[in-house]
């Protein structure tokens, strides 16, 4: 599905001027608080009318101010999941789900309620009321209600922001399944690097109401300069890999991709699964010679393709490891002492303990065309 947005809007002294086009299965609107993410997703959903511009989804024009087109939200067939679940407290879970279907003409319904219930793992909750649900369960039901309306597009505005880390870990796999199995395009709003790195196929980076960058997740994550100063420590690469071995004795999983093999502790995946691994730039060291007899289990051979000067004492080196890109954050002193520059061959070293196997996201294997 193609989503095209080209809008301008003023909210008091804050002005949004955003233009992007994406074809991703799950597109993340990413940026710090106050960057315009929610306002932009509200324009897509029809909750906010832009001052001027055009919004089009899969050939259907939602907004075109030049032609005086503004399709009301109830005719856009868009599902919306908010930060808080907003379930009807007087209805049971099954009644909340059925409510989502009422406003969709029967001829346009494609959603299979049983499939949605199975996908989200909420079959045992059908007769409960929202007050008897945990935060994660409420959000899963809210997602189910949005899907039950047979939407053409699903908007998710910070759906995990109100949950603690345990509940986030509980719900993330369900969003991955939704992304991969239902094939409903999703626009996902978040300021969490960990969430967008794990879930998104494409990222639109927003800064002060404007689009700073847009593109596939693997490409955007390499550009750590796009992150705020407080977030730069979490920036780095994402690599899609396959689990080729599990060592139960040491609780280590062995992953393989074009970059080579990586050993990850506490991996919640089975042999044969395809997972997305996030490798933070601050966790990667560089060496000019292949090290031996070191505790770091992951040593990848590569070539430096570019250097990005960061604020202060650091520089980010982009390293091509068999076609997969890693980012290594080193000091400018180290770069000068070792003469690290574009074109030089290096070895990238990643400590296994820096990799969070429980946070590795499941992905569909890429199909070469």
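Annotations for the structure displayed:
- Residue within region 109-116 that is in contact with a strand residue (DSSP E or B) (Cβ under 7 Å, 6 or more places away or on another chain) and within 30 Å of residue 49 (Cβ to Cβ) present: no
- For region 101-126, filtering for residues that are assigned to a loop (DSSP other than H, G, I, E, B) and within 24 Å of residue 168 (Cα to Cα) leaves 3.
- Considering each residue of region 182-194 in turn, at least one proves to be over 13 Å from the mean Cα position of the chain (by Cα), surrounded by fewer than 24 Cβ atoms within 10 Å (Cβ to Cβ) and assigned to a helix (DSSP H, G or I).
- Of the criteria (1) out of contact with any strand residue (DSSP E or B) (no Cβ under 7 Å at 6 or more places or on another chain); (2) in a helix (DSSP H, G or I), which one residue 228 fails: (2)
- Among the conditions (1) within 23 Å of the chain's Cα centre (by Cα); (2) closer than 22 Å to residue 24 by Cα; (3) in contact (Cβ under 8 Å) with a residue 60 or more places away in the chain, residue 171 misses just one, which is (3).
- Scanning region 261-291 for residues that are under 14 Å from residue 173 (Cα atoms) and not in a loop (DSSP other than H, G, I, E, B) returns 274, 275, 276.
- Residue count for region 117-132, restricted to those that are within 26 Å of the chain's Cα centre (by Cα) and in contact (Cβ under 8 Å) with a residue 12 or more places away in the chain: 5.
- Residue in region 45-61 that is under 15 Å from residue 5 (Cα atoms) and part of a helix (DSSP H, G or I) present: yes
We did not get these values from a lab; they are worked out from the coordinates using the rules stated. Not measured: the values here are computed from a predicted model. Note that each Cβ is placed from the backbone with ideal geometry, even for glycine, and that neighbours are counted across all protein chains shown.
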